[in-house]
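Reviewing the structure listed below.
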Amino acid sequence: MRHLRRVPAYLVCLLIVGLTALPTSARNGVRNGEWRFYGGDQGSRKYSPLDQINRDNVQKLKVAWSWDSPDIKLIAENPKFYALGYEATPLMIGGVLYISTSMSQVAAIDAATGKTIWVYDPKSYESGQPTNLGFVHRGVAYWTDGKSDRIFIGTSDAYLIALDAKTGQPVAGFGENGRVDLTKAIPLAVRARNYAVTSPPMVCRDVVLVGASISDGPTKKEMPRGDIQAFDVRTGKPAWIF
């Protein structure tokens with residue numbers, strides 16, 4: 001089956017920025033205009049209580065800035081690469097947006113100006129086109145203990161990577177040089193070819209959980225299991241697998 005190449009415009013993230021407003025519900029985990037989890041809060045409500053933008057003024061909105069994904073240059077230089085789409089939802093913590101790209105890169109962006117603060121490229125695409133959905137990714141996870149701030153991504157070549165949120169550099173004390181190999185505990189898993197990660201990890205207290213993207217349709221005879229794996233958020237040591 002031939003894949004159609006997507007127009008690079010799919011890789012442009014347009015963000016309309018509004019001023020923050022005070023939260024209207026103390027019950028919701030989203031505070032001060034921040035979006036610390038993929039689903040908004042740990043309950044994944046996907047709801048923001050901000051009310052400055054409403055049906056009476058929404059027609060007056062204008063684009064404050066736009067940001068180009070680093071994937072654009074990567075795909076232009078490597079015709080064999082293509083992005084299925086741009087499906088990531090950015091996190092927003094302390095005035096900084098954190099987002100993944102379709103090619104499993106991670107970027108930190110100044111939320112006020114749209115300027116790139118840092119980009120981390122794990123070069124996951126070098127393992128080949130990922131199984132199931134191809135080159136597509138949906139986001140990252142955030143964790144802090146008040147001293148350290150980390151961004152986690154599960155990559156298309158099946159690694160869980162911890163990055164310093166301020167610098168974008170891998171956390172040396174996490175796993176092996178900042179990453180954990182997710183294929184080790186999964187029978188039949190072959191990096192990227194039949195086992196990948198497209199969704200953001202989830203952090204609960206001091207544990208980071210990650211799922212998988214696999215091709216498990218009825219025509220696939222011997223495929224890896226889509227187990228959920230959990231790791232210590234500080235060290236990357238395996239906590240449990242289900």
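The values are calculated or read from the model by the stated rules, or taken from the named source; none is laboratory data. Please read these numbers as outputs of a predicted model, since none were measured by experiment. Ideal geometry is used to build each Cβ from the backbone, glycine not excepted, and the neighbour counts take in all protein chains shown. Heavy atoms of the whole protein, side chains included, go into the accessibility calculation; ligands, DNA and RNA do not. Shrake-Rupley method; radii C 1.70, N 1.55, O 1.52, S 1.80 Å.
Taking the stretch 130-163 as the search range and keeping residues that are more than 15 Å from the chain's Cα centre (by Cα) and of a type in the set (D, E), which one is surrounded by the most Cβ atoms within 10 Å (Cβ to Cβ)?
Out of the qualifying residues, it is D149.
Taking the stated definitions as given, is Y195 at pLDDT below 95 and of a type outside the set (D, E, K, R)? Explain how you work it out, then say what you get.
Numbers: at pLDDT below 95: yes; of a type outside the set (D, E, K, R): yes.
Yes, satisfied.
Could you list, in sequence order, all residues of the stretch 38-53 that are in contact (Cβ under 8 Å) with a residue 24 or more places away in the chain and either open to solvent by less than 60 Å² (accessible area, probe 1.4 Å) or touching a helix residue (DSSP H, G or I) at 6+ places or on another chain (Cβ under 8 Å) (or both)?
Initially, the stretch 38-53 is screened for residues in contact (Cβ under 8 Å) with a residue 24 or more places away in the chain, giving 38, 42, 49-53.
P49 - this is the single residue of the stretch 38-53 that is in contact (Cβ under 8 Å) with a residue 24 or more places away in the chain and either open to solvent by less than 60 Å² (accessible area, probe 1.4 Å) or touching a helix residue (DSSP H, G or I) at 6+ places or on another chain (Cβ under 8 Å) (or both).
Can you tell me which residue among D56, D68 is surrounded by fewer than 19 Cβ atoms within 10 Å (Cβ to Cβ), farther than 17 Å from T198 by Cβ and free of Cβ contacts under 8 Å to residues at least 12 places away in the same chain? Full working, then the answer.
Details: D68 fails: free of Cβ contacts under 8 Å to residues at least 12 places away in the same chain.
Going through D56, D68 in turn, just one is surrounded by fewer than 19 Cβ atoms within 10 Å (Cβ to Cβ), farther than 17 Å from T198 by Cβ and free of Cβ contacts under 8 Å to residues at least 12 places away in the same chain: D56.
So which of P122, P200 is under 24 Å from I72 (Cβ atoms) and crowded, with 24+ Cβ neighbours inside 10 Å?
Result of the check over P122, P200: P200.
Any idea which of V63, V58 is at pLDDT 95 or above, touching a strand residue (DSSP E or B) at 6+ places or on another chain (Cβ under 9 Å) and farther than 25 Å from Y142 by Cα?
V63
Tell me, please, whether a residue that is out of contact with any Pro (no Cβ under 7 Å at 6 or more places or on another chain) and either at pLDDT 95 or above or closer than 17 Å to A212 by Cα (or both) can be found in the stretch 80-87.
To start, the set of residues in the stretch 80-87 that are out of contact with any Pro (no Cβ under 7 Å at 6 or more places or on another chain) comprises 80-87.
Applying the additional criterion that residues be either at pLDDT 95 or above or closer than 17 Å to A212 by Cα (or both) yields 87.
Yes - at least one qualifying residue is present in the stretch 80-87.
Taking interchain pairs and intrachain pairs at least six residues apart, which have beta carbon atoms under 7 angstrom, with the first residue in the stretch 198-211 and within 15 Å of V136 (Cα to Cα) and the second of a type in the set (D, E, K, R) and open to solvent by less than 60 Å² (accessible area, probe 1.4 Å)?
T198/R138; S199/R138; P200/R138
In the stretch 210-242, which residue that is closer than 12 Å to N194 by Cα, among the small types (G, A, S) and within 19 Å of the chain's Cα centre (by Cα) is least open to solvent (accessible area, probe 1.4 Å)?
Restricting to residues being closer than 12 Å to N194 by Cα, among the small types (G, A, S) and within 19 Å of the chain's Cα centre (by Cα), the top hit is S213.
Of all residues in the stretch 87-110, which are among the small types (G, A, S) and either within 12 Å of the chain's Cα centre (by Cα) or crowded, with 21+ Cβ neighbours inside 10 Å (or both)?
Just the residues of the stretch 87-110 that are among the small types (G, A, S), to begin with: 88, 94-95, 100, 102, 104, 107-108.
Across the stretch 87-110, the qualifying residues are A88, S100, S102, S104, A107, A108.
Please verify whether the stretch 172-181 includes one or more residues that are open to solvent by 10 Å² or more (accessible area, probe 1.4 Å) and among the aliphatic types (A, V, I, L, M). I'd like the intermediate steps shown before the answer.
Initially, the stretch 172-181 is screened for residues open to solvent by 10 Å² or more (accessible area, probe 1.4 Å), giving 172-173, 175-177, 179-181.
Cutting the leftovers down to among the aliphatic types (A, V, I, L, M) gives us 172, 180.
Yes; the residues of the stretch 172-181 include at least one that is open to solvent by 10 Å² or more (accessible area, probe 1.4 Å) and among the aliphatic types (A, V, I, L, M).
For the stretch 30-42, name all the residues that are of a type outside the set (V, I, T) and either modelled with pLDDT under 90 or touching a Cys at 6+ places or on another chain (Cβ under 6 Å) (or both).
Of the stretch 30-42, the ones of a type outside the set (V, I, T) are 31-42.
Hits for the stretch 30-42 are R31, N32, G33, Q42.
Of the residues that sit in the stretch 183-197 and are in contact with a strand residue (DSSP E or B) (Cβ under 6 Å, 6 or more places away or on another chain) and surrounded by 15 or more Cβ atoms within 10 Å (Cβ to Cβ), which one is nearest to I241 (Cα to Cα)? Give the steps one after another, and end with the answer.
Applying the first criterion (in contact with a strand residue (DSSP E or B) (Cβ under 6 Å, 6 or more places away or on another chain)) to the stretch 183-197 yields 183, 185, 189, 196-197.
Applying the additional criterion that residues be surrounded by 15 or more Cβ atoms within 10 Å (Cβ to Cβ) yields 183, 189, 196-197.
Numbers: T183: 12, A189: 15, A196: 16, V197: 16 Å.
Per the criteria, the residue is T183.
If you check K166 against the conditions, is it of a type outside the set (S, T, N, Q) and more than 23 Å from A196 (Cα to Cα)?
Details: of a type outside the set (S, T, N, Q): yes; more than 23 Å from A196 (Cα to Cα): yes.
In short, yes.
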